[in-house]
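Each remark here refers to the structure printed beneath this line.
The values are calculated or read from the model by the stated rules, or taken from the named source; none is laboratory data. Bear in mind that the values here come from a model prediction, so they are computed numbers and not experimental data. Positions of Cβ are generated from backbone atoms using ideal geometry, with glycine treated the same way; all protein chains shown enter the neighbour counts. All accessible areas refer to the heavy atoms of the entire protein, side chains included, with ligands and DNA or RNA removed. Shrake-Rupley method; radii C 1.70, N 1.55, O 1.52, S 1.80 Å.
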Amino acid sequence: MWRNKGKTTGARTPLPSEAPTTSRTPTPARAQAVDSDPEPVDSLQKHYNNLCLEKSQEVNPFLLHILQGVDEEIRKGLKAITLNIAGNNHSVPVERVTGEHFWILSKLIEKNPCINGLDIRYNLISDVGAYYAARLLQKKHSLLYLNLMFNDIGPKGGELLAKALHMNTTLKYLRMTGNKVENEGGMFFAAMLQINSSLEKLDLGDCDLGMQSVIAFSTALTQNQTIKGINLNRPLLYGEQEESTVHLGQMLKENHWLVELYMSKHDVRNPGLKQLCDGLNLNKSLRYLDISCNKITRDGISSLADVLKNNTTLEVIDLSFNRIENVGAVKLSETLASHNRSLKALSVVSNSIEGEGLVALSESMKTNTTLSNIYIWGNKFDEATCVAYSDLIQMGRLKPDNTDVEPYVVDGHMYLAEVSNGLKKHYYWTPTYGEACSPSSNAGFSIVPVSEQL
């Protein structure tokens, strides 16, 4: 999957507090001069042009285009608007927002009561923009959603944002995906969770977290009763002892509020899965578990199958890109057919499963009427598999939007084609046309809706 991480080369951009006085980046002292400004003019476009002129900044045409649309929404009387300035938008010409321009943007929305969400993914705001985003979190008391994914924010920017959340009481969802805050920044976010009592969802996937910060998050989550979803995808872990899963498993035993846990690319092996399952046996709140892209095999899946025999809360499990094979698929199907009646969605994409295992899963759906979504693409289909899933779709047991395959016939033989459905197809990107939050492409978020935004 293509990902533009917004990386820049060259010397590190100085933070506002260390920028030279000749820089065009507004310093904190200069920014404070605007803090006492009167309420912004009705038109965001006009206010933006005025601020650019005042600070000798060039007008960003892409930003101006977005503000025009927001002005129209405000004139129609719409409230609770999310300002979407995604830098990877290909439908219009894009000039990506820099840290200096983010200061102007923050002044635009700081006192605007109609805007309660800001999506500025795939831009170039860096630590300079993180400084002003932190100030915005301290001043904007109606901001519920902030998406800063892939903005070249480093450990220092992560520290500023985490400390700003110590006092913030309104933000519900912060997305930092792809910003390399590393272990240092991760420690500040973990410390924040011991103080903040309003944040409900935190995404630190692909942020180069280290073992120390993952353990710190596990510790903080044993006490935090507000966080409903946390993403710890792809930390940089070293060693073979799976220490992180030991701590996360212990956290699951003590935490009875967490609803979503994302551990993709976490280097989880069979012993690590056993540690997690020991925690899940005592957990009564978790509804969404993502353990995709790990090293789980058919031997380890027994632990998960045993959990599903008694667990009544798990509704979505993402096992994509592991290696459970036929034996693992059969074990899961036996549990789903005879015991579990709570799981609603299961993804076993690319798990080296062949016909026997895939047919067994299809058979389990005939007796288990709760399981509504199943994703199987990337495995080894034989004709029996193709017929089995075609029958499920034709009899109405499996809706076409709830799976990632579609049957077709050539020369009297049944085949399966891939369709763009899944648990979180639009995690890293959104389509340029059509519905961005389509339930068929993002079924996991529809089944377990922790937050309004993806």
- Message: Being within 21 Å of SER264 (Cβ to Cβ), modelled with pLDDT under 95 and open to solvent by 40 Å² or more (accessible area, probe 1.4 Å) is the filter here; which residues of region 405-438 pass it?
- Response: SER420, LYS424, LYS425, TRP429, THR430, CYS437
- Just wondering, is there one or more residues in region 110-122 that are touching a residue at least 24 places away in the same chain (Cβ under 8 Å), in contact with an Asp or Glu (Cβ under 9 Å, 6 or more places away or on another chain), closer than 18 Å to GLN57 by Cα and not in a strand (DSSP E or B)? no
- Item | Sole residue being touching a residue at least 24 places away in the same chain (Cβ under 8 Å), acidic (Asp, Glu) and surrounded by fewer than 19 Cβ atoms within 10 Å (Cβ to Cβ), chosen from GLU243, GLU159 | GLU243
- Inside region 246-269, can you point out the residues that are of a type in the set (A, V, I, L, M, F, W, C) and either open to solvent by less than 10 Å² (accessible area, probe 1.4 Å) or touching a residue at least 60 places away in the same chain (Cβ under 8 Å) (or both)? LEU248, MET251, LEU252, LEU258, VAL259, LEU261, MET263, VAL268
- For ALA345, state whether it is of a type in the set (Gly, Ala, Ser) and in contact with a Gly (Cβ under 7 Å, 6 or more places away or on another chain). yes
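So that you can scan it fast, the table gives a plain yes or no per residue for (1) in a loop (DSSP other than H, G, I, E, B); (2) of a type in the set (Gly, Ala, Ser); (3) closer than 24 Å to THR430 by Cβ:
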{"site": "TRP103", "(1), (2), (3)": "no, no, no"}
{"site": "TYR131", "(1), (2), (3)": "no, no, no"}
{"site": "ILE153", "(1), (2), (3)": "yes, no, yes"}
{"site": "LYS156", "(1), (2), (3)": "no, no, no"}
{"site": "THR170", "(1), (2), (3)": "yes, no, no"}
{"site": "THR177", "(1), (2), (3)": "yes, no, yes"}
{"site": "PHE188", "(1), (2), (3)": "no, no, no"}
- Message: Can you report the number of residues in region 133-151 which are hydrophobic (A, V, I, L, M, F, W, C) and not in a loop (DSSP other than H, G, I, E, B)?
- Response: 5
- Message: Give all pairs with beta carbons closer than 6 Å in which a residue from region 436-448 that is part of a loop (DSSP other than H, G, I, E, B) meets a residue that is among the small types (Gly, Ala, Ser) and open to solvent by 30 Å² or more (accessible area, probe 1.4 Å); count only pairs at least 6 apart in sequence or on separate chains.
- Response: PRO439/SER446
- Query: So which residues in region 256-276 are closer than 20 Å to VAL448 by Cα, within 18 Å of the chain's Cα centre (by Cα) and of a type outside the set (A, V, I, L, M, F, W, C)?
  - Reply: GLU260, TYR262, SER264
- Being charged (D, E, K, R) and under 19 Å from GLU95 (Cβ atoms) is the filter; apply it to region 111-122 and report the residue that is surrounded by the most Cβ atoms within 10 Å (Cβ to Cβ). ARG121
- Residues of region 336-353 being open to solvent by 10 Å² or more (accessible area, probe 1.4 Å), touching a strand residue (DSSP E or B) at 6+ places or on another chain (Cβ under 8 Å) and under 18 Å from LEU286 (Cα atoms), in sequence order, are LYS344
- Counted residues in region 40-55 being closer than 21 Å to THR82 by Cβ and at pLDDT below 50 come to 1
- Message: Quick check on GLY205: is it assigned to a loop (DSSP other than H, G, I, E, B), within 30 Å of GLU325 (Cβ to Cβ) and touching a residue at least 40 places away in the same chain (Cβ under 8 Å)?
- Response: yes
- Message: Name the single residue that is farthest from the chain's Cα centre (by Cα) among those in region 284-296 being modelled with pLDDT of 95 or more and farther than 15 Å from SER347 by Cα.
- Response: LYS295
- Can you tell me how many residues in region 288-314 are touching a strand residue (DSSP E or B) at 6+ places or on another chain (Cβ under 7 Å) and open to solvent by 10 Å² or more (accessible area, probe 1.4 Å)? 1
- Picking from LEU108, LEU64, which residue would you name as being hydrophobic (A, V, I, L, M, F, W, C), surrounded by fewer than 23 Cβ atoms within 10 Å (Cβ to Cβ), more than 30 Å from LYS180 (Cβ to Cβ) and over 26 Å from the mean Cα position of the chain (by Cα)? LEU64
